[in-house]
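What follows is a short report on a single structure.
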Amino acid sequence: MINIDIKLFATLKDRADSERIHVRLEEPATVQDLLAAVRADYPALAPLLASALVAVNRLFAAPDTPVQAGMRWRYSRPSVARSAHTRPTSR
């Protein structure tokens with residue numbers, strides 16, 4: 001089993017009423033499995049997950065990305081994720 005600690009941002013954090021959530025997954029697991037576990041363990045977040053972005057170790061993850069112990073997980077809504085990774089350009 002893998003214990004996953006997920007940091008939430010924006011609407012997801014507000015809906016969970018917490019900055020972090022935790023899930024347990026059987027190995028081997030993917031991001032798709034992680035999303036299914038979050039939906040099951042935190043039903044209030046389920047409606048928001050379809051448009052949420054998942055990042056692992058600060059890089060966006062695809063549904064087939066493997067989940068491993070020790071990875072840093074984050075969920076955020078697309079508008080928040082874009083603004084967090086957009087840097088101003090110099091003129």
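The values are calculated or read from the model by the stated rules, or taken from the named source; none is laboratory data. All figures in this text were calculated on a predicted structure; none of them were measured in a lab. Glycine also receives a Cβ, built like all others from the backbone with ideal geometry; neighbour counts cover every protein chain displayed.
Cβ separations smaller than 9 Å between residues 6+ apart or across chains give the following pairs from the range 1-25 residues that are free of Cβ contacts under 8 Å to residues at least 12 places away in the same chain to residues that are crowded, with 17+ Cβ neighbours inside 10 Å: K13/Y75; K13/S76; D14/L8; S18/L8. Checked against the criterion of being modelled with pLDDT of 85 or more, surrounded by 18 or more Cβ atoms within 10 Å (Cβ to Cβ) and assigned to a strand (DSSP E or B), the candidates V38, V23 yield just one match: V23. When the residues of the range 46-63 are filtered to those that are in a helix (DSSP H, G or I) and out of contact with any strand residue (DSSP E or B) (no Cβ under 8 Å at 6 or more places or on another chain), the one that is surrounded by the fewest Cβ atoms within 10 Å (Cβ to Cβ) is P47.
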